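Here, each number is a calculation from the coordinates, and none is a lab measurement. Treat the numbers as computed from the prediction; the structure is a model and nothing was measured. Glycine also receives a Cβ, built like all others from the backbone with ideal geometry; neighbour counts cover every protein chain displayed.
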Amino acid sequence: MDSAPRKQVNIYTDGACSGNPGPGGWGAILEFGPHRKEMSGYMAGTTNNRMELFAAISALGALKEPCDVKLYSDSNYMVQAFNDHWIEGWQKKGWKTSAGTPV
């Protein structure tokens, strides 16, 4: 079994929306040693939280192999989803909030 250490990747994300819902955009920067990849996108009708999450999902999806990741975000929604374990409840409820609406 290969015991080589995995690559350490830092990911910085952000998302925003003009109106909520409204047109929005997201961006992510992935850094591995001297390597840097920038990603971004746009959606016509979306929400701020969706753009924040989409930035992180897109960045993680761009990884080509298993890596150790440090993901940085200024989104309380995303940070609390993990730190306060909201994500575990959403998974158990089929990706619904406590009010029964889609996450």
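Only beta bridges with both residues in the chain are counted; by DSSP, about 75 percent of them are antiparallel.
Among Met39, Met78, the order by Cβ neighbours within 10 angstrom, fewest to most, reads Met39, Met78.
Taking every C-alpha pair closer than 8 Å and separated by at least 6 residues, the mean separation divided by the residue count of the chain gives a relative contact order of 27 percent. A simple rule links phi to the HN-Hα coupling: the Karplus curve 6.51 cos²θ - 1.76 cosθ + 1.60 with θ = phi - 60°, which for the stretch 53-65 gives 5, 5, 4, 5, 4, 5, 5, 5, x, 7, 5, 9, 7 Hz, with x for Gly and Pro. Of the residues Gly100, Asn76, Ala59, the one whose Cα sits farthest toward the positive end of the charge dipole of the chain, with +1 on the Cβ of Lys and Arg and -1 on the Cβ of Asp and Glu, is Gly100. Taking 7 Å steps out from each Cα toward its Cβ at Gln80 and Ala62 produces label points 2.8 nm apart. To the nearest 0.05, how large is the calculated FRET efficiency for Ala4 and Tyr72 if R₀ is 30 Å and r is the Cβ-Cβ distance? Taking R0 as 30 Å, the efficiency between Ala4 and Tyr72 is 0.75. Here the stretch 8-92 is treated with +1 on each Lys and Arg Cβ and -1 on each Asp and Glu Cβ, and its dipole about the Cα centre works out to around 180 debye. Both the radius of gyration and Dmax for the chain are 15.3, 51 Å, in that order, over alpha-carbon atoms. Sparse packing (at most 13 other Cβ atoms within 10 Å of the Cβ) combined with a DSSP loop state is found for the following trypsin sites (Lys or Arg not before Pro) in the stretch 1-98: Arg6, Lys64, Lys93.
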